[in-house]
Every structure is written in C-alpha cells, then in structure tokens.
Amino acid sequence: MPTLLPRVYANEQPEEPRPERRGAAGGSRPSPCGRAQASLTRKRNGAAAAGAPPPPSPGASPGPRAAPALTRRSAAGRLSLGNAEPEMAAARPVLARAVLQQCLAARLQVRPPENGSEAEWVEIQRGLVIYICFFKGADQDLVPKIVNTLLNVKLSENESGEYVSLLDLPGNVLIIPQATLGGKLKGRKMQYHANIEKEKGLELYSQFVTLCEKELAANAKCMEAGVLVKYGTYGNRQVLKLDTNGPYTHLVEF
C-alpha cells in the first residue's frame, strides 16, 4: 500500500516546534492560570494548618459577613474586644416606692369610730396624694432626696393646663403610709418580705412628714395660699375618699 506524504506548497514554510518555557531550576514554567491555582492551594493548606477558614474559590459567591466582635467595658473603664458575654451590672435594690395621685379633694379616716365616738378624718382640697412605702436598706439620708423629688416633680396641672410642681401650683398634700406597695406576687398570694421593719419604717415616715411640712412652710407661694399637709397613721387600717383629677397617677422608685 503506498505511503501518503503530506502535501507541501511552494510558498509554505514548515512550522517549527516552540521551545518549552523553563523556570529557574530548568523545569517547565507553569502558565498564569496554573500559578494562581497553585497559590490558592498553598493558602488553603496554610489556613487549614492554622485552624482558620480557607479563602473562597475564584468565582464563588461571598458568604455572609461575620458579625463584628462584641465589645465590653472592663472594671477599669476601658473597652476590650472579644467574644465574651457583656458584663451585667448588678441591679440596685429599690429602697422606697411612692405613688403620686393628683386630686381635686381627698379625705382620709385616721381613726375608726369606737366606744360610741365618731371616726376621725383629715382632708385636703386640690393638691397631691402621696402614698409612701420604705423597703429594707432605707435610711434617714434617703428621705430628703425623696421629699425634694416629689415636691418638685412637674405633675400638677394648673389653671392654664400646664404641668408644674406642687410648690409652684401651689397645692395641698395628703400623705398616706402604704405598706402594700412593697408586695410581691408569689403564686396566688402577696408577700411583703422586702418591707422595712415597723419601728424603722415609722421613724422614716415621721421624718418624711416633717420634711414635707418644712418645705411647704418655707415656700412663699404655699404660705400665701395657706396650703395644708395632712397625713395618715402609720401601721393602721384607713379609709380613703378621693376625687381624682384625671386620673393622673405615677409610680416613683428610689
């Protein structure tokens, strides 16, 4: 069978083979795509040895961005980085609790009828009813702060519809000791373990009443208007008749 030879034209030059590209060590030099693949492989191997996640493959969609590390303030007041849980500040215990009720008139029975005698009442006209309860840990240093706050907070409505302090109104004050403000529900019953001891509570309540009387007596508007400070009996069951203005009631803790 005859052998077929390639056809060569007169103006055609035979193609010379291309020399191989060699590296510095004399071996074949990889292409740019091969170098990129080799670099990515080395990075993955190094990341796996260090315990870090490997870099993404070329063309892969980026995954979800990692959330920044939480910061927390150390005891010295400096911010430190880390994934530790933020330090929780210890909650400050409540030492006293007051309820403020704006009123048009209020009447409190301070002594029930007994042995044929009539009940004893105290009453005020327009002003503020203050229910007060002291908890364990309260002391005499806390009482002036409570008095200053309650008499100066802007919760009393004047004739113009603006809310001003009791001293600026000016208005009367009815103070009621209210131990049930310290109650805590457990199951279907209320417990009062947080309330202050009766003797200590009576001492703080008496100081509270005295300071309220002094503050209103020292205020020119209150003196001119002839405002009154009335109060209930500590530790006794009492009856209250109240004409509210609102109702407009607020709870304040100290």
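The values are calculated or read from the model by the stated rules, or taken from the named source; none is laboratory data. None of the values given here were measured: they were computed from a predicted structure. Neighbour counts are summed over all protein chains in view; Cβ atoms, including those assigned to glycine, are modelled from backbone coordinates with ideal geometry. Side chains included, ligands, DNA and RNA excluded: accessible areas come from the protein's heavy atoms. Shrake-Rupley method; radii C 1.70, N 1.55, O 1.52, S 1.80 Å.
General remarks:
- The sole residue among G182, G161, G187 that is over 21 Å from V122 (Cα atoms) and in contact with a Cys (Cβ under 8 Å, 6 or more places away or on another chain) is G182.
- Residue in the stretch 164-177 that is under 30 Å from A225 (Cβ atoms) and either surrounded by fewer than 16 Cβ atoms within 10 Å (Cβ to Cβ) or of a type in the set (D, E) (or both) present: yes
- Of all residues making up the stretch 115-141, the number that are at pLDDT 95 or above and among the polar types (S, T, N, Q): 2
- S160 being among the hydroxyl-bearing types (S, T, Y) and surrounded by fewer than 12 Cβ atoms within 10 Å (Cβ to Cβ): yes
- Residues satisfying the stated conditions in the stretch 234-254, i.e. charged (D, E, K, R) and in contact with a strand residue (DSSP E or B) (Cβ under 7 Å, 6 or more places away or on another chain): K241, D243, E253
- Total residues in the stretch 191-233, condition open to solvent by 60 Å² or more (accessible area, probe 1.4 Å), touching a Leu at 6+ places or on another chain (Cβ under 8 Å) and closer than 17 Å to V110 by Cβ: 2
- Single match in P112, P144, P86 (criterion: open to solvent by 40 Å² or more (accessible area, probe 1.4 Å), at negative phi and at pLDDT 95 or above): P144
- Residue match in the stretch 177-186 (condition: closer than 21 Å to V94 by Cβ, modelled with pLDDT under 95 and charged (D, E, K, R)): yes
- So A96, is it out of contact with any Gly (no Cβ under 9 Å at 6 or more places or on another chain), open to solvent by 20 Å² or more (accessible area, probe 1.4 Å) and modelled with pLDDT of 90 or more: no
- Strands (runs of 3 or more DSSP E) fully within the stretch 148-211 counting 2 or more residues that are touching a residue at least 12 places away in the same chain (Cβ under 8 Å) and either in contact with a helix residue (DSSP H, G or I) (Cβ under 7 Å, 6 or more places away or on another chain) or aromatic (F, W, Y) (or both): 172-177
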